[in-house]
Amino acid sequence: MLEIKFGTDGWRSRIAEGYTFENVRRCAQGFASFLIANGRAAQGVVVGYDQRFQAEDFAAVVAEVLAGNEIDVWLTEQNTPTPTISYAVEARQAGGAVNITASHNPAVDLGFKVRDPLGGAIPPTDLKRIEALIPDSNGVKWIALEDALSDGRVQLFDPFPAYTEQLQRLVDIAPLRDAGLNVVVDCMWGNGAGWFPRLLSGGSTTVHEVHNERNPVFPFMTRPEPIPPNVDHGLSFVKPLGADLALINDGDADRLGVGDEDGTFIDQLRVYGLLGYYFLEVRGERGPIVKTISTTKMLNKLARIYGVPVYETGVGFKYIAPKMVQVGAMIGGEESGGYAFRNHVPERDGILAGLYILDLLVQTGKKPSELLDWLFEKVGPHYYDRIDSRFDQQRKAEILANVDAARPRTIGGLTCTDIVTIDGHQFIMEDGGWLLVRFSGTEPIIRVYCETTYEDKVQAILEDGLRIAGLI
């Protein structure tokens, strides 16, 4: 029997290897038992899915198990963005959600995400409790979907109207429709397809979608993650179409990438910096900022300027979401392009983030490249990059020991001033920049990230990170 472990954002595994109908049923039973034990089963559960291979069939299996445990299920009628599923939890006051998605993972993977009654990620302590409740196959209760539909235990529903109304409460969409913008939207073959045309139609703004059909092998990219090189093909449409910018959603539309008017990618740390500046300066809002240690220090600088607190967490929304709720955060986000916002569910929302970026352009009248200059005038230029390295799993203990023992005097030629171990090992440098070395919580890889104020030192810093881990 496969031992199922929840990582940074639920459980993910290779389809037909670890990710089987049998194991998905076991996960669903573990979640059902968790809800029953916590008195949430009577509230029901929202179940949705993405565009990956057989995702709708795995979602049906989840619905069967929940129904077999006498838990009411709202099953989405079609593939649905992760933030839409999360908002449906709040709108229906459900006890939680199950989302069949592997987000930005390679095409061979699928996943099992769980959400709490607020629509946010479930904290690590509760994920451990769910893991402990996952039985073997003999301990699974389920009934056939057709029977559950007949007796009303499972109901098909459309979550789009409630979510659309929520977006319209958060963003004044009418000026965006009438702004005359020319926008390329790369859907990455995922759940974001159709959303921006639907929201922005009826005015002078034009939306050109690319990669907007279902294709679970994800052509033109190694995975539906909105970073280079996966974004390169989508960005190639910007200049030929004369677009003002590109918005890029990952496979389940909870993350956002951005390209400027020349089709140049704006890295996700800079996007988070722009979003923070937008809320503080353009919207005039104030409130705590929550960020993982793997994202930009530009937010710390903005926070000092505007007099708001910053809370840093481990990597993943299972840390960000609870902290956002605890402190009443204005905004929360991570290095991977996931951003969450006040007055909304504590969950990444790539669609809402895209609307906020469009609003930033409209309200300032600036091009994306000009917005970066505007940000850098405030906090100075910052440069970021990341290396994802696969490694022999038998070396994991050795690599961890190497990093634990590291006490470098310099990194990339900059003096190392501190080491932070909230999640992985973050080496702080004299310019306020950082190098982070940590194992991925969703894949068998080690990530080496850095941000610095020196453009010419980025690669040297990353190479020193690989040396610290013993990988070069």
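The values are calculated or read from the model by the stated rules, or taken from the named source; none is laboratory data. As the structure is a computational prediction, the values presented were derived from the model and not from experiment. Every residue, glycine as well, gets a Cβ built from its backbone with ideal geometry; the counts of neighbours run over all protein chains shown. Ligands, DNA and RNA are excluded from the accessible area calculation, which covers all protein heavy atoms including side chains. Shrake-Rupley method; radii C 1.70, N 1.55, O 1.52, S 1.80 Å.
Annotation: average projected area of the chain is 21.1 square nanometres, based on the convex hull of Cα atoms across all directions.
When the listed pairs Lys239/Lys301; Lys113/Lys457; Lys323/Lys378; Lys113/Lys291 are checked against a 31 Å cut-off, the alpha-carbon distance exceeds it for Lys239/Lys301; Lys113/Lys457.
Per the helix-only calculation at 222 nm, which mean residue ellipticity applies to the chain, given -39500 (n - 2.57) for every DSSP H run of n ≥ 4 and division by its residues, nearest 500 deg cm²/dmol? Provide the component values of the computation, followed by the final result.
Numbers: 16 runs with 162 residues, N = 472.
Roughly -10000 deg cm²/dmol at 222 nm, from the helical runs in the chain.
Scaling the Cα radius of gyration of region 330-472 by the globular reference 2.2 N^0.38 Å produces a ratio of 1.22. Less than 5 angstrom separates the built amide H of Thr313 from those of Lys291, Thr292, Ile293, all sequence-distant by 5 or more or on a different chain. Net length available on complete extension from His233 to Arg395 is 54.8 nm, with 0.36 nm assigned per residue and the Cα-Cα distance removed.
Full extension of the chain segment joining Ser201 with Arg214 gains 2.5 nm, where the gain is 0.36 nm per residue of separation less the Cα-Cα distance.
The protection proxy used here, the mean number of other Cβ atoms lying within 10 Å of each residue, ranks peptides 363-376, 244-257, 314-327 as follows, highest first: 244-257, 314-327, 363-376. For region 1-155, the dipole from Cβ point charges (+1 on Lys and Arg, -1 on Asp and Glu) about the Cα centre works out to 420 debye, to the nearest 20.
When only alpha carbons are used to place a centre, region 372-417 and region 1-54 end up 34 Å from one another. Model label sites at Lys367 and Arg467, defined 7 Å from Cα along the beta-carbon direction, differ in position by 4.0 nm.
Which net charge results for the neighbourhood of Gly380, defined as the other residues with beta-carbon distances under 11 angstrom from its beta-carbon, given Lys and Arg at +1 and Asp and Glu at -1? Computed value for this residue: +1.
When only alpha carbons are used to place a centre, region 158-191 and region 448-465 end up 36 Å from one another.
Counting protein heavy atoms only, region 159-305 has 50 percent of its accessible area on carbon and sulfur, 1.4 angstrom probe. Highest mean first, the peptides 191-199, 268-276 sorted by other C-beta atoms within 10 Å per residue fall in the order 268-276, 191-199.
Taking all protein chains as shown and a probe of 1.4 angstrom, Ser150 keeps an accessible surface of around 100 Å². Across region 272-322, counting alpha-carbon atoms alone, Rg and Dmax equal 10.7, 29 Å. Stretching the chain fully between Thr421 and Asp147 yields a gain of 93.6 nm (0.36 nm per residue, less the alpha carbon separation). Set the Cα radius of gyration of region 141-237 against 2.2 N^0.38 Å, with N its number of residues, and you get 1.44. Rolling a 1.4 Å probe across the protein heavy atoms gives region 229-357 an accessible surface of 25 Å² per residue. Hydrodynamic estimate: the Kirkwood radius of region 180-315 over Cα pairs, inserted into Stokes-Einstein at 20 °C and 1.002 mPa s, corresponds to D of 134 µm²/s. For region 77-93, the Karplus equation 6.51 cos²θ - 1.76 cosθ + 1.60, evaluated at θ = phi - 60°, returns couplings of 5, 8, 4, 9, x, 3, x, 5, 4, 4, 5, 4, 4, 5, 4, 9, 6 Hz by residue, with Gly and Pro reported as x.
Using heavy atoms of the protein chains and a probe of 1.4 Å, the accessible area assigned to Phe220 is about 120 Å². Listed peptides 284-295, 391-402 appear in the order 284-295, 391-402 once ranked by packing, highest mean of other Cβ atoms within 10 Å at the front. With only Cα atoms counted, region 184-235 has Rg and Dmax values of 11.5, 35 Å.
Using the Karplus relation 6.51 cos²θ - 1.76 cosθ + 1.60 with θ = phi - 60°, the per-residue 3J(HN,Hα) values for region 258-272 come to 9, x, 7, 5, 9, x, 8, 5, 9, 5, 5, 5, 5, 4, 5 Hz, with x marking Gly and Pro.
Computed on region 324-472, with alpha-carbon pairs under 8 angstrom and 6+ residues apart, the relative contact order is 20 percent. The modelled label-to-label distance between Ala174 and Arg14, using points 7 Å beyond Cα along the C-beta direction, is 5.5 nm. Residues whose amide H lies under 5 Å from that of Gln51, counting only those 5 or more places away or on a different chain, are Asn191; hydrogens are built 1.01 Å from N in the peptide plane. Legend: calculated FRET efficiency, Glu455 to Leu2, from the Cβ-Cβ distance at R0 = 45 Å, rounded to 0.05, equals 0.50. In region 1-64, the portion of solvent-accessible area held by carbon and sulfur atoms comes to 46 percent [1.4 Å probe, whole percent, DNA, RNA and ligands not counted].
Roll a 1.4 Å probe over the protein chains and send me the accessible area per residue for region 16-159 in Å². Mind dumping the intermediate values first?
Working: 5030 Å² over 144 residues.
In whole numbers, region 16-159 has 35 Å² accessible per residue.
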